[in-house]
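Here the structure comes first, spelled out in structure tokens, and everything after it is commentary.
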Amino acid sequence: MSRIGRLPITVPSGVEVKLDGQDVEVKGPKGTLNFSVAEPISVSKNDEGQIVVARPNDERENRSLHGLSRTLINNMVIGVTQGYEKKLEIQGVGYRVISKGPKQLEFNLGFSHPVIVDAPEGISFTVENPTKFSVQGIDKQTVGEVAANIRKIRKPEPYKGKGVRYADENVRRKVGKAGK
């Protein structure tokens, strides 16, 4: 049995979970998230108000979907209560970020033009200072994807470490060419 899949999901107060066959809707103080569970996996509520994810048998595909489904539903519950945030930072001379409102950022990353990034639905940006900013939202996957796309604009390079990186990221540095 999956060690993660068999754990019940506790629903905190203020969070409402609707189960409609394979569809799960989680409504909380920060918003609403929907998820459609893959076919063999079943989702139900137990008598203590917790959500239980079950699988019909021990086939390989069902085993892999069991823990995945439970984790995705748990991430939805965390998202509508606390939300998710990815912190990023910029390193490099003249590299900076400017906030153009909570839904738009303008980056100066050494290109001949500024790069403007618009936030998709449910995502907001905050800029702490010209080299530190964060991506927030209730959907963990969307927050991670937007942060990864921003990092992709100018990845940290290994020689000087210039570029956009996650706040907790450790960039492996290389030694430059040997001087004579």
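The values are calculated or read from the model by the stated rules, or taken from the named source; none is laboratory data. Here the structure is a predicted model, which means the values were calculated and not measured. Neighbour counts are summed over all protein chains in view; Cβ atoms, including those assigned to glycine, are modelled from backbone coordinates with ideal geometry. Note: areas computed on protein heavy atoms with side chains; ligands, DNA, RNA excluded. Shrake-Rupley method; radii C 1.70, N 1.55, O 1.52, S 1.80 Å.
Structure data summary
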| read-out | value |
| --- | --- |
| Qualifying residue in region 142-152 (condition: in a helix (DSSP H, G or I), more than 13 Å from the chain's Cα centre (by Cα) and without any contact (Cβ under 8 Å) to a residue 12 or more places away in the chain) | yes |
| Some residue of region 20-36 being part of a strand (DSSP E or B), of a type in the set (S, T, N, Q) and in contact (Cβ under 8 Å) with a residue 60 or more places away in the chain | no |
| Test: residue 101 is out of contact with any Cys (no Cβ under 6 Å at 6 or more places or on another chain), assigned by the TED database to the domain that holds residue 157, assigned to a loop (DSSP other than H, G, I, E, B) and surrounded by fewer than 18 Cβ atoms within 10 Å (Cβ to Cβ) | yes |
| Candidate set from region 116-151 (those that are within 25 Å of residue 77 (Cα to Cα) and charged (D, E, K, R)); member that is most open to solvent (accessible area, probe 1.4 Å) | 121 |
| All positions within region 45-96 that are part of a strand (DSSP E or B) and either open to solvent by less than 60 Å² (accessible area, probe 1.4 Å) or in contact with a His (Cβ under 8 Å, 6 or more places away or on another chain) (or both) | 51, 52, 53, 54, 84, 88, 89, 90 |
